Every structure is written in C-alpha cells, then in structure tokens.
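Dropping the structure in here first, questions after.
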Amino acid sequence: MSQPTSADPRSEPLPPADGPALPMPSWPQGVDLPEDLTQIVERWQRAERDLQAQTLLLRTVLDESPDLILLKDHEGNFLLCNRPMAQFYGTTPEAMVGKHDGDFGCPTEMAEAFRRNVQEIMRHGRTEVVLEESRDAGSGESRWFRSIKKPFAGPDGRMRILVIAHDITDVQRAQLRLEASERRLQYALEARGDGVWDWDIASGRLTLSHRWCQMFGYAPDELTGTLGDFLRCLDEQTRPEVDAALAACLEGDGRWEHEHAMCSKDGRQLWVLDRGQVVERDGQGRPLRMVGAISDISEQKRTRELIWQQANHDSLTGLPNRNRLYDRLHEEMVATDRSGLPLAMLMLDIDGFKEVNDSLGHAWGDALLQEAAGRLRGCVREGDTVARLGGDEFVLLLGAVTDARAVPRIAQDVLTAIKRPFQLGDDQVYVTASVGITQYPQDAADLDSLLRGADQAMYAAKRQGRNRFDHFTPALERQAQERARTLADLRQALKVGQFELHFQPIVDLRSGEVRKAEALLRWRHPTRGMVSPAEFIPLAESSGLIHALGDWVFREATRLVAGWRQTVHAQFQVAVNVSPLQFQNPDLDLEAWLAHLRQLGLDGSAVVVEITEGLLMEAGPEVTRHLLHLRDAGVQVALDDFGTGYSSLSYLNKLDIDYIKIDRSFVCNLQADSPELALCEGITVMAHKLGLRVVAEGVETEEQLRLLKSAGCDHAQGYLISRPVPAEAFDRLAAPVAELSVIA
C-alpha cells in the first residue's frame, strides 16, 4: 500500500501537538529584498504562524476528546488518530500513521472485519452508526464502542472515512447483565409455568414468551407482537378494571400486580395473576419499558371460591349463612347511615317443622327447608338477602326501605308462602311460620341489638299463636331483660335451696286409695314468691340447667317416698317428670339414680318416670337405651298428655310403656254422650288391650270422676281430689278418699 509523501502537502498528517515549529524560508546574506516582496514574506510568515496555531488547537481538541477519533483510507489504514485512540492500541499517534488495526494486537479476524466494513461503507457512500467490539492493547480485555463512520472525499479526490468511537463498555456490560438476568428470570418463570412478557410502552411492542403463548393456545407466529395480543385475550368484562389498574400503575411506582379473567383461543376462561415492573424511564420519569410474568391461577381461584362458598353459604339451601349474613348486615347498615333509608330485618322460624322431621325423617325435613328457601327468595327484591341461620330459622334482610308499608306486606307474603302445602313424596305437609320484625336505626343502634330485637319479636309471635308476625317493641326488650334476670336468679336458686316439691295425689278408682302421687317442682323466689313452672322450666331447658334440676327432683322425690312407704303404704309410688332434654343427653347417669334408690332401700317400683309423646317420637338410640335401662331396673314409665301428640301406637309396646295419662283437654269437657267420653272410653279400652293402665288428669267434678270410672279408667288426679301440696301436708291426704261418693 502506498503511503502519503511530503511532496503532496494535502495528504500530510497534522504535526503532533508538541512537535517543532514549521521552518521559515531563508535568503542569502547581504541581499536586500524588494519592498513588495518583503511584505509578501511577512504576510506568508504570519499565515504560517496562524496555521501552526490552528493546527496545534485542532490537535489539542482531538486529543482532549473522550472519544476515539481516527481517519482511515479506503484500505483501512490509519491516516490520523487522536491520543485516546493511540493509547487504546498502546502506541503514539505518529506510530499509527500508515498502519492498520492488525498491527497493534487486534485479532486478525477482527481486523479483517474492520477492513471489510470500511470498504462496504465506501462502496455505499453512506454514514453508519455501528456497535463494535475491539480489544484494549494494554489490558487485553474487550471493549465496546458506538462508532459513527462517515465517508468523504479528501482534497485529492481520494475517499477517506472519519471514525468517531464512543466507549460504551460499561453500558454494554450492564445491558448484557440485564439481558442475562432477564433470561434467567424467564427460564425460572417458565420452569414454574409462568408466561413472561416484555412491553415497549412507547411503541406498543409486546414480546411474549413461548409459555405465554401456550397458556392461551396460540402459536408464536399467530400473534402480532403488539399490545393487541394481550387485549385480544383479555375478558371484555374485566377490561375497564384492568385499564384503570394499569393506568394507576404507570402513573405511580410502576409496580403491577392484578388478578383478572382472560380467554384462551378456544374460548376457555382463565383466571390469571399478572405481575410486572417498569424497568426503564425517560429523563422526565415517564415509563418506557415494563417486564413481567403471568400465572394461571384458575384452579386456585376455584378452590378459593369453593372455600369462600362453604364458609359463607349454607350447604343445604345455598343461602348465605350466619357468617355471610353478618357481613351483609354490616354493609347495609353502612349504606343506611349514608342514605338515611332504613333497613328491615325479618327473622322467622317454621312452626311444626320438628314434627315433620320426627314423623317423616330428616331427608324430607331437608327437602322442606330447601323448598322453603326458594319460596322465601321469591318474597323479596333481587338486592335483598335471604339467609339461613340454622335449623328451621331464616332471616330476610331488606335494605333501603322507601315505603314503610312494604315491610308488613312482605311479612304477610312470607306467611302465605310458608303456609302453602309442601309436597314431600306421597305426603302433603302443612306448616306455618312465626316472623319477628325489627328495623335499623329505629329499633336498634348496632348489629347485635338488631338481631336480638328480631329474635324477641319472633318469639312474641310464637307465644301469640304462631302463623303471624310481630314487630319489635321496647316492651319486648323489657321482657327479654326480665327473662335474663330470671335466668340469673334461676342459676342461684338450686344452690341456695329455693326449690321445693309439691305432690298431687293419684287415686285408685277401684279402691279409693291413694298409693301414688305426682311430684311437681316449685320455685319459691325470695322476692317474687312462687314462680310458675311455665316460666322457669323453658328457661332451665334452654340454659341447660334442666339436667341439674332433674337430678335434684329425682333424688328429693325418692327420699320422700322412702318415708311414705313406711307411713302411708308399703307400695307407695311417686311419678317424676323427666324433660326430653334429659333423656336426649348421652351423659345422663341413670346408674347413679338407681344407686341412690338402693341407698334408700328402695327398688325400681317406687318410681314412675313420666315422659312426653314428643320424646317417644324422638326415640333415637340414646332415648331407647335410657328407657330400656329403666325397664330392666323395674322403674315404670308413664306417657303424659296422651292424645295431643303425633305418636304411633306401635311405640307403646316397642318401649314398654306402663301407663298412659289422658290429657286434661279431654277431661275438662267430659259429659255423658260427649265426644270426649267416647275418646276416653276408646283410649281406655285400647290401653287395657295393650296391657297398660290409664290415669286421667284434670278431674274437677264428681260427674267427670263417675264417667271415667264407668269407662274403666284406672286412676284419676285433679283438683277434685286435691291440689298439689307441699310434702309436709301430704300425709293427711294419704287416707282412702271415702268422701268421694262416686268411688265409694
């Protein structure tokens, strides 16, 4: 390759910045120059000095530049370079002139690539900006440059290339590290099933991983590589929510995490967890690039929804349960506080449901509840709530009540709906409902008070005859408070000895003797006097105190019988009422009762246990076991209030009943030729054929006593014979009842 010569000043390189001054022309001594020639020489010398200054300035500028600057000919040889360029190759600017990259340790392959690149640029005659890798002669490490290569024709007409190379090694290394990190992240995410995405926000370009495409059933070549790929898979119903959340992310800290529905190519809906982060911003902080990953959480979503459904809805009816009702009630109360429109709560209990359950079985009872739930939903507006609290108890929550007349109208609709017959298999069943109504904020200031008020109103409706609705009133609240005080007193009564037993004689209609009596529990309150059993027995049963009370009654009654067997009759017998709850309790310790009898020197014949027809119908394993245990010990069993329940006669033999007691409702209207007499006669004949004895309750006149005796009844008790009396007054009643002429 030919090198530039000093004969062609246009091709000479710039002298070094620290080189010697340009030589000045000399003239022979003693020769005087013409005046005009002297002026020309002076002008030429000034021009030379200016050129030298400009040359030195240009050299200084080139050497002070942080970029690598060089001039190459069409063969890629160096014509000029600045000091940073020379330092990169470990030499001086002067030493590089006329040489090429391969002369300074650049690998041959790399040097040839540089030469070909120069020739390519010259051939096309266009400026190029390229990313190049070269090797530092000093350290031997590769460095990266962003090079601007501009071809131009020099003064001699020859093509040259000006190269300005900006060192971007640190930026490139950071970029490579970022790309490597992103690849590792992508590999990690795709290994766990996530789809990776990279969004160029300004251009809308969206790069999606293979896993992302697979999740939605697309091949990569089916997608456009734009944001439209994401939008076409986004569920239209969730689009506004996603748009708003994404806008908030870009305007905020750039962190993105959102659950939403998307659709696959074949139309399947997928729930996804989409997560990402803005990773690049412009000088004004505006987001330029965002990367992230998407996870298919459809199965987790279904599992969460199932768990939520089970936690908040009744499994039998599908209605909201107590937990969900409390949430909805809180929401409606907040809405009421904002709007000023009251809300109403209707609490209802199905009257007679227990009897249906007992007579037809739990399966048909469940069917009735399911049908009732559907009827109740039909009584309210779409936005109202119908919930099942448990058992046969439901709640209707009516929000934003604009017309006060609507509440009682809906309550009446509920009564009418429940009163319609239920077809349960081959049976047509009739039940009713008792409904309690309370409103917020008129009747209550908080959630618990609202529920309590509705419950109080519902039980008031039950007490008033059922199949009706009642509104909460302050009077109901006072009654509830009174019941609470009574219950508190009841808990102390047994401890301090306020209970006592009264006994009502039972006369043998054949002999006129009193060999039996029914023990009746009485509560002598220190300030209220005698409290009616109708008031405190339900409280004792609902609170669980009935178990301790029942145990005390049995022990106290049998203690007194032990004495009366000595003073009244050797076979004297006492009847003790036992609550159904006691028999349904698996922990009822009958053996302790029998051990108590033995300690008193009594056998089982000293006691008759009175049970109700309802208990007979609920004769599950525990009840049957307890009754058979008593039978084996010789304790007799009487069926109280016979004729008022739903019992089947087959139960009488199945559970070895010894007595049936005709309910007072049949006796109080007993007259000759009356239907009640026919019923009493029929019951007596039936009982005798089954080997049972009959006791008539509620006898108040001698005519009733005479008719019962003529009907074959075995025993009678009632006010005609004696009211219940304390134990100490019972002895005088034990003599034969000779004054009753009908018996004599």
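The values are calculated or read from the model by the stated rules, or taken from the named source; none is laboratory data. Keep in mind it's a predicted model, so treat the numbers as computed, not measured. Positions of Cβ are generated from backbone atoms using ideal geometry, with glycine treated the same way; all protein chains shown enter the neighbour counts. Side chains included, ligands, DNA and RNA excluded: accessible areas come from the protein's heavy atoms. Shrake-Rupley method; radii C 1.70, N 1.55, O 1.52, S 1.80 Å.
Treating cross-link reach as a plain straight distance, find the lysines whose alpha-carbon is under 18 Å from the alpha-carbon of LYS516, omitting any fewer than eight places away in the same chain.
Cα-Cα hits under 18 Å: LYS661, LYS709.
Identify which of the listed values of Cα Rg over 2.2 N^0.38 Å was calculated from the structure shown: (i) 1.10; (ii) 1.97; (iii) 1.19.
Structure-derived value, by its label: (ii).
Sticking with this structure for a sec: Select from PRO621, VAL129, SER295 the residue farthest towards the positive end of the dipole of the chain; place +1 on Cβ of Lys and Arg, -1 on Cβ of Asp and Glu, and compute about the Cα centre.
Highest projection toward the positive end goes to PRO621.
Using the Kirkwood formula on the Cα atoms of segment 43-123, what hydrodynamic radius do you get, in angstrom to one decimal?
Kirkwood radius, segment 43-123: 14.0 Å.
Which residue, chosen from LEU227, ALA372, ILE40, occupies the Cα position most advanced towards the positive end of the dipole of the chain, where the dipole is computed from +1 (Lys, Arg) and -1 (Asp, Glu) charges on Cβ about the Cα centre?
Of the candidates, ALA372 comes out farthest on the positive side.
Describe numerically, in nm with one decimal, the distance between label points set 7 Å from Cα along Cα→Cβ at ALA729 and at GLN370.
Each label point is offset 7 Å from its Cα along the Cβ direction, giving 5.8 nm.
On to the next question. Probe radius 1.4 Å, ligands and nucleic acids ignored: give me the carbon and sulfur share of the accessible area of segment 312-368 as a rounded percent.
Numbers: 1270 of 2540 Å².
Carbon and sulfur: 50 percent of the exposed surface of segment 312-368.
Taking the Cα centre of the chain as the origin, how large is its charge dipole in debye, to the nearest 20, when only Lys and Arg (+1) and Asp and Glu (-1) carry charge on their Cβ atoms? Don't skip to the end; give the middle numbers.
Values: 82 positive and 112 negative charges, 245 e Å.
Approximately 1180 debye in magnitude.
Sticking with this one: Can you sort LYS462, LYS150, LYS661 by 1.4 Å-probe accessible area, starting with the largest? Write down the numbers at each step before the final one.
On the way: LYS462 40, LYS150 105, LYS661 5 Å².
Ranked from most to least accessible, the order is LYS150, LYS462, LYS661.
Under 26 Å Cα-Cα from LYS150, which lysines qualify once same-chain neighbours fewer than 8 residues away are excluded?
LYS72, LYS99
Only Lys, Arg, Asp and Glu count, each charged at its Cβ (+1, +1, -1, -1), so figure out the dipole size of segment 69-151 about its Cα centre, rounded to 20 debye. List each step's numbers first, then the result.
Working: 12 positive and 13 negative charges, 69 e Å.
Around 340 debye, computed over segment 69-151.
May I pose another question? Find the relative contact order for segment 491-616 and round it to a whole percent, using C-alpha pairs within less than 8 Å whose residues are 6+ positions apart. Working shown, then result.
Working: 156 pairs, mean separation 28.1, N = 126.
The normalised contact order for segment 491-616 reaches 22 percent.
If you find the alpha carbon centre of segment 365-385 and of segment 215-292, how far apart are they in angstrom?
42
Rounded to the nearest 10 Å², what accessible area does HIS688 have for a 1.4 Å probe in the complete protein model?
Accessible area of HIS688: about 80 Å².
Only four residue types carry charge here, +1 at the Cβ of Lys and Arg and -1 at the Cβ of Asp and Glu. Report the dipole size of segment 240-370 about the Cα centre in Debye, rounded to the nearest 20.
Details: 15 positive and 23 negative charges, 95 e Å.
The calculated dipole for segment 240-370 is roughly 460 debye.
Go through ALA244, ILE350, ALA557 and say which Cα lies farthest out towards the positive end of the charge dipole of the chain; charges sit on Cβ, +1 for Lys and Arg, -1 for Asp and Glu.
Of the listed residues, the answer is ALA557.
So which lysines pass the test for LYS354, namely a Cα distance under 18 Å, with those fewer than 8 places away in the same chain ruled out?
LYS419, LYS462
Tell me, what is the percent relative contact order of the chain, built from C-alpha pairs under 8 Å that lie six or more residues apart?
Details: 1184 pairs, mean separation 44.4, N = 744.
Here the relative contact order equals 6 percent.
So what J values fall out for segment 484-500 if you push phi through Karplus, 6.51 cos²θ - 1.76 cosθ + 1.60 with θ = phi - 60°, rounded to Hz, Gly and Pro as x?
Coupling constants for segment 484-500: 5, 5, 4, 5, 4, 5, 5, 5, 8, 4, 5, 5, 9, x, 8, 8, 8 Hz.
Stokes-Einstein at 20 °C, 1.002 mPa s, Kirkwood radius from Cα pairs: D for segment 495-622 in µm² s⁻¹?
The estimated diffusion coefficient comes to 135 µm²/s.
Tell me, what is the percent relative contact order of segment 425-532, built from C-alpha pairs under 8 Å that lie six or more residues apart?
Numbers: 136 pairs, mean separation 19.0, N = 108.
This gives 18 percent for segment 425-532.
Can you give the longest stretch of the chain with no exposed loop site, where a site means GluC sites (Glu not before Pro) in a DSSP loop (not H, G, I, E or B) with at most 10 other C-beta atoms within 10 Å? Each step should come with its number before you reach the end.
Working: sites that count: GLU141, GLU382, GLU739.
Excluding the exposed sites themselves, the longest stretch runs over 383-738.
Sticking with this one: Between ALA480 and GLU331, what is the spin-label point distance in nm, taking each point 7 Å from the Cα along the Cα→C-beta axis?
The answer from the label model is 2.5 nm.
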